[in-house]
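Asks: Take this structure first; my questions come after.
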Ligand SMILES: [Zn+2]
């Protein structure tokens, strides 16, 4: 079974891992003589982002998860899908209108 992950999530992680090259940081790194290694690290992060952006998209459907809400109609109570807000007759495991999987 394959695992599917969101491209934007991966890119956000890679971006957050980059070293913040603020002027103060660059000044300290220059004094310590290790600025080049941080630049190489950030370049590697950028290269990884480029590679992630080149990956082809997988053909998957995002799983919708909802729950049954209760709606009063003329004195009777009916289940309503929290995702699509359509009324159903019974609380099934899946919404018959949008296909959302219902949590208990
Ligand atoms: Zn629904």
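What follows is calculated from the coordinates using simple rules that are stated; it is not laboratory data. Keep in mind that this is a model prediction, so the values were computed, not measured. Because the Cβ atoms are built from the backbone with ideal geometry, glycine has one as well, and the counts that use them run over all protein chains shown.
Asks: Helix 35-54: angle to the longest alpha-carbon principal axis of the chain, degrees 0 to 90, nearest 10?
Replies: Value to nearest ten degrees: 40.
Asks: Let me have the relative contact order for region 56-104, percent, based on Cα pairs under 8 Å that are six or more residues apart.
Replies: Contact order relative to length: 34 percent.
Asks: Right, something else. Counting other beta carbons within 10 Å of each Cβ, put 82, 22 in order, fewest first.
Replies: Lowest count first: 22, 82.
Asks: Can you tell me how much longer the chain between residue 76 and residue 97 gets when fully stretched, taken as 0.36 nm per residue apart minus their C-alpha distance, in nm with one decimal? Mind dumping the intermediate values first?
Replies: Numbers: separation 21, 0.36 × 21 = 7.56 nm, distance 2.06 nm.
Net length gain for the segment: 5.5 nm.
Asks: Still on this structure, I have one more. If each residue's Cβ is checked for other Cβ atoms within 10 Å, how do 60, 80 rank with the fewest at the top?
Replies: With the fewest neighbours first, 60, 80 line up as 60, 80.
Asks: Here's another thing I want to ask about it. I need the shape label for region 7-54. Rule: rounded when a/c is under 1.5, else prolate if a/b > b/c, else oblate, with a, b, c from the alpha carbon gyration tensor.
Replies: Here region 7-54 falls in the prolate category.
Asks: In whole angstrom, note down how far apart the Cα centers of region 13-32 and region 64-101 are.
Replies: Spelled out, the Cα-based centre of one part sits 51 Å from the other.
Asks: If you fit an axis through the alpha-carbon atoms of helix 23-32 and take the longest principal axis of the Cα set of the chain, what angle between them do you get, 0 to 90°, nearest 10?
Replies: Its long axis makes an angle of about 50 degrees.
Asks: Applying 1/(1 + (r/R0)^6) with R0 = 30 Å to the Cβ-Cβ distance of residue 30 and residue 10, what FRET efficiency is obtained, to the nearest 0.05?
Replies: Efficiency for this residue pair is about 0.45.
Asks: Which order do 5, 13 fall in if you start with the one that has the fewest other Cβ atoms within 10 Å? List each step's numbers first, then the result.
Replies: Numbers: 5 10, 13 13.
Fewest to most other Cβ atoms nearby, the residues stand as 5, 13.
Asks: Rounded to the nearest 10 degrees, what's the angle between the helix 7-17 long axis and the longest principal axis of the chain, both from Cα atoms, 0 to 90?
Replies: 40
Asks: Which whole-number percent gives the relative contact order of the chain, counting Cα pairs below 8 Å spaced six or more residues apart?
Replies: Rounded, it is 19 percent for the chain.
Asks: Right, something else. As an exercise, find the ratio Rg/Rh for the chain from alpha-carbon atoms, using the Kirkwood inverse-distance average for Rh. The partial results should precede the final answer.
Replies: Details: Rg = 24.5 Å, Rh = 18.3 Å.
For the chain, the value is 1.34.
Asks: Right, something else. Starting from the Cα of residue 60, step 7 Å toward the Cβ, then list every residue of region 2-19 with an amide N under 20 Å from that point.
Replies: Counting only backbone N, you get 2-15.
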